[in-house]
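What follows is a short report on a single structure.
The values are calculated or read from the model by the stated rules, or taken from the named source; none is laboratory data. As the structure is a prediction and not an experimental result, all values here were calculated from the model. Heads up, the Cβs are rebuilt from the backbone with ideal geometry, glycines too, and the neighbour counts pull from every protein chain shown. For accessibility, only protein heavy atoms count, side chains too; no ligands or nucleic acids. Shrake-Rupley method; radii C 1.70, N 1.55, O 1.52, S 1.80 Å.
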Amino acid sequence: MRVAAYFASAFVAASAANQHTWVAAADELVPCCRSLEAVPSLGGKVYLPRSAAYASRLESYWSLSAALPPWCMVQPSNTADVSVILKTLTANACHFGIRAGGHGSFPLSNSVRSGVTIDLGNMNATTWNPKTGLASIQPGGDWQGVYEALAPLGVVVPGGRVSTVGVGGYLTGGGLSFQQASHGLACDNVANFEVVLADGSVINANASSHADLWHALKGGSGNFGIVTRFDMYGIEYEDPTKPVMWGGNLAYPLSAGPAIADAMVDFTNNIHKDENSSVILAWSYNPEVAADTIINAAVYNTEARSKPTAFDEFYAVKGMLNDTTRVTNMTELTAELGFGQVAGFHYVWFDTAFRNDARAIKYAVDRYSQLNSDLKRIVPSPSSHLNTNLFLQPISKSMVDKGIQNGRNVIGLDRFTADGTNGILLLVTASVKDSESEKLVIPRLSRFLDDVDGYAASLKLRWNWRYLNYARGVQNAIASYGDENISAIRAAAAKYDPRKVFQRLRGSGFKIPKRCTRPEL
């Protein structure tokens, strides 16, 4: 169907499957979507509303909250396509959003309503070069695909711990991984970024060429261009012929909470003694699985050592309900960890951080119990399918130091760990099936976070920092990186995007703050 005929008048269309409704006028749609369809190399790659391809891609978003229906979508196949797309959209002053793996949680995280969504989903290949020791990874895939491609070769890269997490946003936002203590954040392991700038030019940013951009992309998100390839340092498995690791879940009753909090503090303070072990701690309310909140410690060792001594304190906690740990492949472990994060829900995420201290952990757990009582009253699970989680993870000096050794990132955690301090990253999440329930959930999670921040601040434990990959859009994550890093991000943006296309026309993702407003953090 030709665009001119299709957009001859204003239209209203709806997707019943995802309960989306969009309204757009012809004078908005014709210049942007028609101009893309007029590019010969983009034939068949521009998806219009009411088309099967458009509906399929909209329905493939992980969070319904993020699945905004744009004027049209364009799905490039290669770097050259991305180049011509950016030149075309910039020439027509078209607003756009960028979708890589599609795992953002909030509206405008990876799509736009008033504009064009650039969907990188067809750019999802992973290749390995044994001569350079680099894995070349395109942005539009998920980490399960990456791990499956590399495992037969006996190598892995630091990546997402949930199989469905996307590549592009994860790497430009930092990237927590199973290897974070031993190798730093995932972004610290990127040797080279292939980037398409707003004018369509393609450059490679690394330690010897465009090093300022290489530095800024390690946490600076989509503020400079579109990354079309990440060249990452590979890590050999302990036994390359057996690409496995050890891990699984330790489940506990709610009564074990105080002892688990103490075990977490002990583990975090001793990460430097075993940088190959990691833990993700969760208090989870999922009435479809259990009537009461369950505590889960997801424990891992990348050297495939079973029950390393780093987890002795967790194994000493009385009342353990289940232990699924075993030696297996990473694909199986990442699928298991993502069990409670299924697509098709409205997801609400907020995060914060504080110094490693049992008092702050225990306060957050008590406040989480109150939050659940409130949510069960206003959005009861039988109708809303309410599911909540309180995740706690170590932020170790070991991890931060590896980033410094690898050329530094712009995330700014070294301000807090320079004196040897370790921290705790807290993420509170809720998922519901309908948008009305989501509206009721958002302010309550926000107040929960304010309470935790206030308590941590009262004990001088609070870190004024947000992890971008977990943060909600209103949390202004980049503003928490510190003045020196924000200045480096601004300088790189001014140099590589002098027309401010990725600030003016890009509607999705986190922007560079004009000024750092402390109360917003």
- Item | Sulfur and carbon atoms: percent of accessible area, the chain [1.4 Å] | 52 percent
- Reported label for calculated Kirkwood radius over Cα pairs in Å given (i) 23.5; (ii) 24.9; (iii) 25.9: (i)
- Cα long-axis angle, helix 435-458 against the chain (0 to 90 degrees, to the nearest 10): 50 degrees
- Message: How charged is the neighbourhood of SER163? Take every other residue with its Cβ under 14 Å from the Cβ of SER163, and add Lys/Arg as +1 and Asp/Glu as -1.
- Response: -3
- Message: If I take every Cα pair under 8 Å that is 6 or more residues apart in region 207-344, average their sequence separation and divide by the length, what percent do I get for the relative contact order?
- Response: 34 percent
- Query: Mean separation of Cα pairs under 8 Å and 6+ residues apart, divided by the residue count of region 90-145: what relative contact order is that in percent?
  - Reply: 32 percent
- 11 Å beta-carbon shell around ALA494, net charge (K/R +1, D/E -1): +2
- Mean separation of Cα pairs under 8 Å and 6+ residues apart, divided by the residue count of the chain: what relative contact order is that in percent? 16 percent
- Query: Taking the Cβ of GLU238 as the center, what net charge do the other residues with Cβ under 11 Å away carry, scoring Lys and Arg +1 and Asp and Glu -1?
  - Reply: -1
- Message: Given axes a ≥ b ≥ c from the Cα gyration tensor, I'd like to know whether region 292-444 is rounded (a/c under 1.5), prolate (a/b larger than b/c) or oblate.
- Response: prolate
- Note on the structure: Whole-Hz Karplus couplings 3J(HN,Hα) for region 360-377, θ = phi - 60° and coefficients 6.51, -1.76, 1.60, Gly and Pro as x, run 5, 4, 5, 5, 4, 5, 4, 5, 5, 4, 5, 4, 4, 4, 5, 5, 5, 7
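Indicate, rounded to the nearest 5 percent, the antiparallel portion of the DSSP beta bridges found entirely in the chain. Write down the numbers at each step before the final one.
Details: 75 of 84 bridges.
For the chain, the DSSP antiparallel bridge percentage is about 90.
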- Any of LYS242/LYS307; LYS131/LYS307; LYS45/LYS495; LYS397/LYS460; LYS376/LYS460; LYS87/LYS511 with alpha carbons more than 27 Å apart? Name them for me. LYS131/LYS307; LYS45/LYS495; LYS376/LYS460
- Taking trypsin sites (Lys or Arg not before Pro) that fall in a DSSP loop and have at most 14 other Cβ atoms within 10 Å as cut points, what is the longest piece of the chain between them? 132-317
- Message: Show me, bin by bin at 5 Å from 0, the whole-percent P(r) of region 424-466 based on Cα pairs.
- Response: 6, 19, 26, 19, 13, 10, 6, 2
